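The structure appears below as structure tokens.
The values are calculated or read from the model by the stated rules, or taken from the named source; none is laboratory data. Predicted model only: the values in this text are computed from it and were never measured. Note that we place each Cβ from the backbone using ideal geometry, even for glycine, and neighbour counts take in every protein chain shown.
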2 protein chains.
Amino acid sequence: MTTLTSAPITAIETHDIRFPTSLELDGSDAMNPDPDYSAAYVVLRAGEHEGHGFAFTIGRGNDVQTAAIRALEPYVLGRTTDDLGALYREMTHDSQLRWLGPEKGVMHMAISAVVNALWDLRAKQEGKPLWLLLSELSPEEIVSLVDFRYLTDALTPDEALAILRAAEPSRSERAALLRERGYPAYSTSPGWLGYGDDKLRRLCKEACQDGFTQIKLKVGADLDDDVRRMRIAREACGDDVRIAIDANQRWDVDTAISWVRALAEFDPWWVEEPTSPDDVLGHAAIARGIAPLRVATGEHVQNRVVFKQLLQADALSYLQLDAARVGGVNENIAILLLAAKFGVPVCPHAGGVGLCELVQHLAMFDYVAVSGSMEDRVIEYVDHLHEHFVDPVVIDRGAYRAPLAPGFSSTMRPESIREYSYPDGPVWASS
Amino acid sequence: MTTLTSAPITAIETHDIRFPTSLELDGSDAMNPDPDYSAAYVVLRAGEHEGHGFAFTIGRGNDVQTAAIRALEPYVLGRTTDDLGALYREMTHDSQLRWLGPEKGVMHMAISAVVNALWDLRAKQEGKPLWLLLSELSPEEIVSLVDFRYLTDALTPDEALAILRAAEPSRSERAALLRERGYPAYSTSPGWLGYGDDKLRRLCKEACQDGFTQIKLKVGADLDDDVRRMRIAREACGDDVRIAIDANQRWDVDTAISWVRALAEFDPWWVEEPTSPDDVLGHAAIARGIAPLRVATGEHVQNRVVFKQLLQADALSYLQLDAARVGGVNENIAILLLAAKFGVPVCPHAGGVGLCELVQHLAMFDYVAVSGSMEDRVIEYVDHLHEHFVDPVVIDRGAYRAPLAPGFSSTMRPESIREYSYPDGPVWASS
């Protein structure tokens, strides 16, 4: 990082922002029939710059999430972005707040929102997109951002350094490739559970025509429906496109195994969230029970300690980190390093509100400075709500283009913040 | 349960209550140097009765916890206590609130507070202490209160029924014994980390004189200190008193094993919370590494899914459920049944604000209707803040006396609620 001292944070504002997505059944799956995609949103002001961050929720409870972000104000006011490793650890290990987790649920998602806003601020101060800022830190600086507590039986600071140093000499080649070709995406848009068969078929074909080589279908509500929908998707896409399936935690262990086996003839690429995100041993049992089919999970995994165990137990083949559930950028660096240590590809969860905008930076940093590979790696893409962001993701022939604007791409447009504020914005006040 | 329809809930109030315990270093341990014991408190009004419940926190963030309880108002207003299995599942599986967990952290603790308040109300409506009310339900009624989702690879409803039916014929004998002799307690009061050696020695002797056959020491900040403190405690108590040690999540896996081995000469009865409460595999590795010494954990275990795995992995020898962290009475019944299935004794976590008052009911129900045993089972006891409750626990020669007043013993005195309300009660407004 630069040695310049950055401006102190002098103001913090929060917003409860909700989009009425339940009206269209976008985002409907076996566990979430009618989400209203929402953001508990935070803006940090420091001199001429702002840092924007948010926790993603699906409606009710977004007020609780916003209150949790406000509880972090005393930790951030007057502080700078000069040592984001220390500030992250200070919030995470506050002895009183820690009781509300530790490192899970509402309080941890609030920390995520604030930590990500701090990184957005830092990247704007340095005039770089976040993926590039992170990719230009030294291995020692990157390691200093990580909290190794509870990780050392799987990953030590020295092992992390070795991973980062191995990737260091070839960083610039990969950064150039990234700018040229982007990072591969897959599309979840065709497969929401609330869509009818015709819409599913049409959207599958469109996704393939748009250049996606992988799509995803929601499953888990009804097996006969799933067989029919998988058949439609496979027919529409042909044999060369990967079709992942996603049960959104719907099953117990034995049900997961039998259900997935019943869909095996359609060659699902991965089986996502087959059961509780807390069930490490359950995921491991499912992975054994459905092999050679493969398990993916992560969007609801609460922190690095659970990811550590999923890796130790051979419980997943694809790690789907989320940008705004664990403790923000810092904890996601730990998770990227864990995945690299275990040789498991990271395929980030996205969608929701602004998650695509965030995770692209993490995946690109992983490619340039951590794993050094794009093999079997894809970022989820869902094509809604991007219009509310100042620097929305750009998808080109099935790939995320590398963002070039300074920051974390997390800044929502002021008019969107106004319009969708809950309960007083015009969208809600009139309903 | 009775078939009478109970009065609907017509009002809900919440209170942010904080006790300035940090002034005395009561409750100080290796991770929590200066807690202000607090309660996010809820009162449900229904006809002539009230139901009281709370989430326990240690200070900062109690406002967030209170906001989370308020978010549950729409689920409870107008409802009755007639089907608390359904109402519990409705709150836990609300598709939008679930995103904030699922079933962990602030939102789940809020559900716990509300569920426990509903049970307090129900028990007052029926005119029975909660342990007795639960112990008089049929095995089928008890099973209907449990959410078996994510449990069936370890415990099916039929297995739960078999456990409960086996205990049913001898319930009344055990209830009589309980009324006569109470339930064994152990004392954590001597061993807080902030106490000096003389105070430690004096309190150890007092605990033994008071009839406790087990005490507990906080450890984990400094090994030399721990060796000295364990020697003092062992000398003060003699060889016949069990001395448990509690690291409050301080260690990584390898540190835990070496540290505990260094204390082995003092024969610790159990090693509590050696590492992250999320680390099932870590606890299992520690259990193997310190055998024949034994691991205890649970006060920060977020839900039944993690307890299930700790049992499946042979990661604990004593299960320390908490009354107000998991989803209240209903989820704790699931946890008691899991423990019974695996043959692991339940030794509840208590202390804090009102946790002794709550867990005694769960342990006594376990004895009468689930495990049917007190062998190697003790309830934690800490001797502060009981004066704020209308029906405080009574300890007699190292045992909890069975409470006889109707309810869950969760009702705080109105004057305490007024005085310790944060930030406007007289205790805080004047500070």
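A few notes on this one:
- Looking only at residues of region B:6-47 that are among the hydroxyl-bearing types (Ser, Thr, Tyr) and within 11 Å of another protein chain (Cβ to nearest Cβ), we find that the one that is surrounded by the fewest Cβ atoms within 10 Å (Cβ to Cβ) is B:SER22.
- Condition check for B:ILE69: within 30 Å of B:PRO129 (Cβ to Cβ), surrounded by 24 or more Cβ atoms within 10 Å (Cβ to Cβ), of a type in the set (Val, Ile, Thr) and under 18 Å from the mean Cα position of the chain (by Cα): no
- Here region A:118-150 is the region considered, the condition is being aromatic (Phe, Trp, Tyr) and within 28 Å of A:THR10 (Cβ to Cβ), and the residue that is nearest to the other protein chains (Cβ to nearest Cβ) is A:TRP119.
- Region B:48-60, subset at the interface with chain A (Cβ under 10 Å from one of its Cβ atoms) and either surrounded by fewer than 24 Cβ atoms within 10 Å (Cβ to Cβ) or out of contact with any helix residue (DSSP H, G or I) (no Cβ under 9 Å at 6 or more places or on another chain) (or both), residue nearest to B:LEU217 (Cα to Cα): B:GLY59
- Residue among B:ALA117, B:ALA113 that alone is assigned by TED's automatic domain parsing to the domain that holds B:LYS128 and either in a loop (DSSP other than H, G, I, E, B) or in contact with a helix residue (DSSP H, G or I) (Cβ under 8 Å, 6 or more places away or on another chain) (or both): B:ALA113
- Residue check for B:VAL115: under 14 Å from B:ALA71 (Cβ atoms), surrounded by 24 or more Cβ atoms within 10 Å (Cβ to Cβ) and either away from every other protein chain (no Cβ under 14 Å) or hydrophobic (A, V, I, L, M, F, W, C) (or both): no
- Flag for B:THR255 being farther than 30 Å from B:GLN209 by Cβ, at the interface with another protein chain (Cβ under 10 Å from one of its Cβ atoms), β-branched (Val, Ile, Thr) and not in a helix (DSSP H, G or I): no
- Subset of region A:327-347 (residues that are within 21 Å of A:GLN65 (Cβ to Cβ) and in contact with an Asp or Glu (Cβ under 8 Å, 6 or more places away or on another chain)): A:GLY327, A:ASN330, A:GLU331
- Every pair of residues 6+ apart whose Cβ atoms lie under 7 Å, when the first sits in region B:227-254 and is at positive phi while the second is in a loop (DSSP other than H, G, I, E, B) and among the charged types (D, E, K, R): B:ASN248/B:ASP29; B:ASN248/B:GLU273; B:GLN249/B:GLU273
- Yes/no for A:ASP366 being modelled with pLDDT of 95 or more, of a type outside the set (Val, Ile, Thr) and not in a loop (DSSP other than H, G, I, E, B): yes
- Among residues that are of a type in the set (Val, Ile, Thr) and either surrounded by fewer than 21 Cβ atoms within 10 Å (Cβ to Cβ) or in contact with a Leu (Cβ under 8 Å, 6 or more places away or on another chain) (or both), B:VAL393 is not included.
- Some residue of region B:334-356 being touching a strand residue (DSSP E or B) at 6+ places or on another chain (Cβ under 6 Å), β-branched (Val, Ile, Thr), under 19 Å from B:ARG242 (Cβ atoms) and not assigned by TED's automatic domain parsing to the domain that holds B:GLY101: yes
- Pairs are defined by a Cβ separation below 6 Å, a sequence spacing of at least 6 or placement on different chains, a first member in region B:186-206 that is of a type in the set (A, V, I, L, M), and a second member that is assigned to a helix (DSSP H, G or I) and modelled with pLDDT under 95; no pair meets this definition.
- All told, A:ARG201 meets the bar of being surrounded by fewer than 20 Cβ atoms within 10 Å (Cβ to Cβ), more than 15 Å from A:VAL271 (Cα to Cα), touching a helix residue (DSSP H, G or I) at 6+ places or on another chain (Cβ under 8 Å) and not assigned by TED's automatic domain parsing to the domain that holds A:ALA30.
- Flag for A:CYS208 being in a helix (DSSP H, G or I), surrounded by 24 or more Cβ atoms within 10 Å (Cβ to Cβ) and either away from chain B (no Cβ under 14 Å) or not basic (Lys, Arg) (or both): no
- When A:VAL329, A:VAL280, A:VAL260 are checked against the criterion of being farther than 19 Å from A:VAL378 by Cβ and touching a residue at least 40 places away in the same chain (Cβ under 8 Å), A:VAL329 stands alone in meeting it.
- Residue that is outside any loop (DSSP other than H, G, I, E, B) and not small (Gly, Ala, Ser), where the choices are B:GLU380, B:GLU375: B:GLU380
- Of the residues making up region B:93-112, just one is within 12 Å of chain A (Cβ to nearest Cβ), at pLDDT 95 or above and within 16 Å of B:LEU145 (Cα to Cα), namely B:ILE111.
- Residues in region B:281-330 that are outside any loop (DSSP other than H, G, I, E, B) and either more than 14 Å from chain A (Cβ to nearest Cβ) or under 17 Å from B:ALA350 (Cα atoms) (or both): B:ILE290, B:VAL295, B:ALA296, B:THR297, B:TYR318, B:LEU319, B:GLY328, B:VAL329, B:ASN330.
- Filter result for the condition that a residue is among the hydrophobic types (A, V, I, L, M, F, W, C), out of contact with any helix residue (DSSP H, G or I) (no Cβ under 7 Å at 6 or more places or on another chain) and at pLDDT below 95, over B:LEU4, B:LEU77: B:LEU4
- The set of residues in region B:306-337 that are of a type in the set (Asp, Glu) and under 16 Å from B:TRP131 (Cα atoms) comprises B:ASP322, B:GLU331.
- A:ASP63 falls short on exactly one of the conditions (1) farther than 30 Å from B:ALA55 by Cα; (2) of a type in the set (D, E, K, R); (3) within 14 Å of chain B (Cβ to nearest Cβ), and that condition is (1).
- When A:PRO268 is tested against the conditions (1) more than 26 Å from the chain's Cα centre (by Cα); (2) within 25 Å of A:ILE395 (Cα to Cα); (3) surrounded by 21 or more Cβ atoms within 10 Å (Cβ to Cβ), the lone failure is (1).
- Summed over region A:66-92, the residues that are of a type in the set (A, V, I, L, M), in contact (Cβ under 8 Å) with a residue 24 or more places away in the chain and more than 7 Å from every other protein chain (Cβ to nearest Cβ) give a count of 7.
- Elements of type strands (runs of 3 or more DSSP E) in region B:1-99, at least 3 residues being aliphatic (A, V, I, L, M): B:11-18, B:38-46
Residue-wise test of (1) under 20 Å from the mean Cα position of the chain (by Cα); (2) hydroxyl-bearing (Ser, Thr, Tyr).
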site	(1), (2)
A:VAL115	yes, no
A:ASP120	yes, no
A:ALA123	yes, no
A:TRP131	yes, no
A:GLU136	no, no
A:ALA162	no, no
A:SER170	no, yes
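- Only one entry in B:ASP252, B:ASP240 is assigned by TED's automatic domain parsing to the domain that holds B:CYS356, surrounded by fewer than 23 Cβ atoms within 10 Å (Cβ to Cβ), farther than 30 Å from B:LEU281 by Cβ and not hydroxyl-bearing (Ser, Thr, Tyr), namely B:ASP240.
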